[in-house]
Structures are given as C-alpha cells and as structure tokens.
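Engineer: Below you'll find the structure I mean.
Values in this text are rule-based calculations from the coordinates and carry no lab data. Keep in mind the model is a prediction, meaning the values are calculated, not measured. Because the Cβ atoms are built from the backbone with ideal geometry, glycine has one as well, and the counts that use them run over all protein chains shown.
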Amino acid sequence: MKNTLLGLCALFFCSNVSIAQVIVNDFDSIKLYTLTNDSGMTVKVTNYGAIITSIMVPDRNGKVGDVALGYNRVEDYINAVDKPYFGAIVGRYGNRIAKGAFSIGDKTYALATNNNANHLHGGVIGFDKVVWDAKPIEGDGFTGLELSYLAKDMEEGYPGNLQVTVTYQWNNKNELSVNYHASTDKSTPVNLTQHTYFNLKGEGEGTILDHELMLNAKTYTPVDSGLIPTGKMPNVEGTPFDFTVSKPIGRDVGASDEQLEFGLGYDHNFVLDKPYGEMGLAARVYEPTTGRVMEITTTEPGIQFYCGNFLDGRLKGKAGKTYLHRGGFCLETQHYPDSPNQPNFPSTIIKPGKDYQTKTTFKFSTQKK
C-alpha cells in the first residue's frame, strides 16, 4: 500500500500525507471531475469515496454559489476530524446497524462497532474511503460520471462479492440524479445513500436554522439513546418532527423532547408518503435570503434528516470559513436504519440474481420572496 498521495497537483493542492488508516491500492488514480450543464452550472465529483465536492447554482439574483460543504484537498477528506462523510457515497450499509451484528438465515455476521456500540456507514473503511473506478458519460441534456467498485466477500464483515455502480447525472435543468445499482453472489444487506451536507446560503455562510424544510412524511422511526430505531413508527403530528408543512429547521430543534435529546437535534429517519419503490417527492428546502430551493425525489422508502449537530467550528471549508454548529444539513434517501434486525421494516437484503437499484434526484431552482 502506498503511504503518500502522488500525481494530484492538477486536481488538488498536494502534500505528502500518511494514509495508513485507509486501505486502498492506488492513490495515484484519484481524480476530480467537473460536470457542466448548458447554463454553466457545475457539480464536482472525485472518485475518492465517490464524493461530491461542489455544487454551483444561482440564487434568485443570478449570483452563483457553492451549496455543498467540503474541501479543496483530498487530504482533508481523508484526515477530517470526526469523519463527517462530506459529500460521500456511504455503504455497504448507510446508517446504523445495532451492535454491529445481523443474521441471514442461521448465520450471524459481525461488523465493526465504529459508532459507540453500533456499526455506522459501512464500517472503518466504508465506500466513502475507497477509490472508485470512474468513467465520464454524456447523454441528451446531461453530463455525468459512472463510478464502480467491487466490495469483496467479507470486506468489513459483509458477505458476498458486491459489484456497485453509482452514476451521477447533471442536466440542463440543474437536476442532479444519483442512480445506484448493485449485484451480489451471496445474500447481503445493501443500503447506499448520498451524504452531502447542504447550505443553500452557500458553504460556510452561517447556520441552516432559517432554511424552511418540508418532508413528505407523516411518520418517522424514533430511536433509543444509541440512535437505533425502536421499531415503532408514530405519527409526527403535534411533535417537533412534523415537517409536513414547511417550517424553519430551527423552529423546534431546541424543544424539550427526548428524541431531540437523543439525537442532539434532528438525526432521524422519516417514512416517506409514497408508493414503495416508485419515484416520488421526499423533501423540499427553501432558503429565504437567497431564494434557493432544493427538491428531492426518490424511489427509496425513507429519508434521514440530520441538521449538522456534530459540526462545531473545527472544520474549515473550501472558502476558508469554518463550519459552524448546524452549518449544514443532510437529507439522505435510504431504507430505514437497522433494517437487517427489524423484521417490520422493508428488507435491505439482496440475493444473487436480484439486483439492488434505486434513484434519487436533487433539483435546484429559485423562488421570489
């Protein structure tokens, strides 16, 4: 394994840096790709972690800004304090699995417990920390990038050789589509998601508490103190978790509520109100000072809303500004956390010959005051 980053000067600011904690074969192959549409708006993606490093979109006055948190250097993604997963594809299983264990049939599999007593986002070396194969693509009205990775049998404790393809498509309507496909030679859990932190004011431009959020979800999956779902799916009506009508993220985040105490704010999965497996509306976010709007549609049954509770000012972004507490939010389309251990949740187990396929689209636009 190589222990320095080489050949990146045209793509990132370079320095020699130890990567002993990341097990990959070839860091010379890390590249940064820019997807550009007809209006000149761009999305940047690196094949390290399949990370979206930048999304440039206009505000209501036509001023272009970067709405995705992240870094200019690959070293910062590798060495970031607390590993926030900025912009990455996480897997083989996004979100948490209780006590790092699950069973398929009569066999139990042990995973890393990298989030207190639980397993999080694929383990110590998840999909966010590997180098993907990348191939630029083009189509009618879009540019894109196809990324692929082979997760080997028992990598991070998961059974099966899993061939994964994630395709980003950026079109002329400022829509970013993420298409996921995976196949396996053994039954295995799969739950991939995109982990970009957004701030529609612009990255590093203060908190996201004034962003107005609507979630197409009348129920959610409450958690225990370890952020593992209890298995219940109560109605959000009358609780701080009611986003069925758009409201500022900060309105109820400080309410006296056990669930908010467990998550240190919002860090919960919401059950989407749409037919299972069909493309439908998941969320809409509006930022009133810039007029920027982001709408999310997905085939997934759930969405994890996280409001940047662990950001604390230690991390500096691309413009050199610190990322404040709640300086970004994530909306991660997904199956529900801990599904392999929750028989009443939709299954995340895929089998040989039964491929995994999902799609999520982020649409950016503006509205007047």
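Engineer: Looking at segment 227-305, which GluC sites (Glu not before Pro) are DSSP coil and have at most 16 other C-beta atoms within 10 Å of their C-beta? Before the final figure, lay out the partial values.
Structural biologist: On the way: sites: 237, 258, 261, 278, 295; in loops: 237, 278.
Those satisfying the criteria are 237, 278.
Engineer: Taking the Cα centroid of segment 163-230 and of segment 122-139, what is the distance between the two, rounded to the nearest whole Å?
Structural biologist: After rounding, the separation between the Cα centres reads 16 Å.
Engineer: Would you kindly derive the ³J(HN,Hα) couplings of segment 76-81 from the backbone phi angles with the Karplus curve 6.51 cos²θ - 1.76 cosθ + 1.60 (θ = phi - 60°), listing them in order in whole Hz, with x for Gly and Pro?
Structural biologist: Using θ = phi - 60°, the values come out as 5, 5, 5, 9, 4, 4 Hz.
Engineer: Along its principal axes, what span do the Cα atoms of segment 279-369 show, with the longest given first and each in whole Å?
Structural biologist: Each principal axis gives a Cα extent; for segment 279-369 these are 46, 34, 23 Å.
Engineer: Using amide H atoms built 1.01 Å from N in the peptide plane, name the residues 5+ places from residue 65, or on other chains, whose amide H lies under 5 Å from its own.
Structural biologist: Correct list: 57, 59.
Engineer: Taking 8 Å as the Cα distance limit and 6 or more residues as the minimum spacing, I'd like the relative contact order of the chain as a percentage.
Structural biologist: On the way: 971 pairs, mean separation 63.8, N = 369.
Relative contact order, the chain: 17 percent.
Engineer: Can you compute 3J(HN,Hα) from phi for each residue in segment 255-269, using the Karplus curve 6.51 cos²θ - 1.76 cosθ + 1.60 with θ = phi - 60°, rounded to whole Hz and x for Gly and Pro?
Structural biologist: Result, rounded to whole Hz: 5, 6, 7, 4, 5, 5, 5, 4, x, 6, x, 7, 7, 9, 8.
Engineer: Right, something else. Net charge around residue 53, counting only other residues with Cβ within less than 11 Å of its Cβ (Lys, Arg = +1; Asp, Glu = -1)? Present the calculation step by step, with values, prior to reporting the outcome.
Structural biologist: Values: positive: 44, 73, 318; negative: 66, 76, 203.
Result for the local shell: 0.
Engineer: Still on this structure: So what are segment 27-366's ellipsoid semi-axes, whole angstrom, largest first, if each one is the square root of 5 times an eigenvalue of the alpha-carbon gyration tensor?
Structural biologist: Working: eigenvalues 153, 124, 72 Å².
Result for segment 27-366: semi-axes of 28, 25, 19 Å.
Engineer: Test of understanding: what is the full-extension gain from residue 185 to residue 116, defined as 0.36 nm times their sequence separation minus their Cα-Cα distance?
Structural biologist: Working: separation 69, 0.36 × 69 = 24.84 nm, distance 3.09 nm.
Extra length from residue 185 to residue 116 when fully extended: 21.8 nm.
Engineer: Between residue 29 and residue 322, what is the spin-label point distance in nm, taking each point 7 Å from the Cα along the Cα→C-beta axis?
Structural biologist: Spacing of the two 7 Å Cα→Cβ label points: 3.9 nm.
Engineer: Here is a further query. Would you give the gap between the C-alpha center of segment 33-110 and the C-alpha center of segment 338-369, rounded to a whole Å?
Structural biologist: 16 Å
Engineer: For segment 164-310, what class follows from the C-alpha gyration tensor (a ≥ b ≥ c being the square roots of its eigenvalues): rounded when a/c is under 1.5, otherwise prolate if a/b is larger than b/c, else oblate? Working shown, then result.
Structural biologist: On the way: a/c = 1.69, a/b = 1.12, b/c = 1.51.
Taking the square roots of the gyration eigenvalues as a ≥ b ≥ c, segment 164-310 is oblate.
Engineer: Then there's this: What does the C-alpha gyration tensor say about the overall shape of segment 126-223? Classify as rounded when a/c is under 1.5, otherwise prolate if a/b is larger than b/c, or oblate.
Structural biologist: Values: a/c = 2.08, a/b = 1.32, b/c = 1.57.
In terms of gyration-tensor shape, oblate.
Engineer: Additional query: Give me the net charge of residue 279's neighbourhood, meaning all other residues with Cβ under 13 Å from the Cβ of residue 279; Lys, Arg count +1, Asp, Glu -1.
Structural biologist: Values: positive: 274, 359, 363; negative: 175, 278, 295, 300.
Around residue 279, the charge tally is -1.
Engineer: How high is the FRET efficiency between residue 239 and residue 276 when r is their beta carbon distance and R₀ equals 22 Å, given to the nearest 0.05? If you can, show how the numbers build up before the last one.
Structural biologist: Working: r = 24 Å, r/R0 = 1.10.
About 0.35, to the nearest 0.05.
Engineer: Kirkwood Rh, Cα Rg: Rg to Rh for segment 69-209? Before the final figure, lay out each step's value.
Structural biologist: Working: Rg = 16.7 Å, Rh = 16.6 Å.
Across segment 69-209, the Cα-based Rg/Rh ratio is 1.00.
Engineer: Go ahead and estimate [θ] at 222 nm for the chain from helices alone: -39,500 (n - 2.57) per DSSP H run with n ≥ 4, summed, over the residue count, rounded to 500.
Structural biologist: Details: 2 runs with 12 residues, N = 369.
Taking each H run of at least 4 residues, the total per residue is -500 deg cm²/dmol.
Engineer: Could you tell me which trypsin sites (Lys or Arg not before Pro) in segment 77-166 are loop residues by DSSP with no more than 13 other beta carbons within 10 angstrom of their beta carbon? Present the calculation step by step, with values, prior to reporting the outcome.
Structural biologist: Details: sites: 92, 96, 99, 107, 129, 152; in loops: 92, 152.
Hits after loop and neighbour filter: 152.
Engineer: Can you run phi through the Karplus equation (6.51, -1.76, 1.60; θ = phi - 60°) for segment 352-369 and list ³J(HN,Hα) in whole Hz, with x for Gly and Pro?
Structural biologist: So the Karplus estimates, Gly and Pro as x, are x, x, 10, 6, 8, 8, 9, 8, 9, 10, 10, 10, 10, 8, 9, 9, 6, 5 Hz.
Engineer: Please list, by residue number, every one of the trypsin sites (Lys or Arg not before Pro) in segment 253-359 that is coil in DSSP and has at most 16 other beta-carbon atoms within 10 Å.
Structural biologist: Working: sites: 284, 292, 314, 316, 318, 321, 326, 354, 359; in loops: 314, 318, 321, 326.
Answer in residue order: 314, 321.
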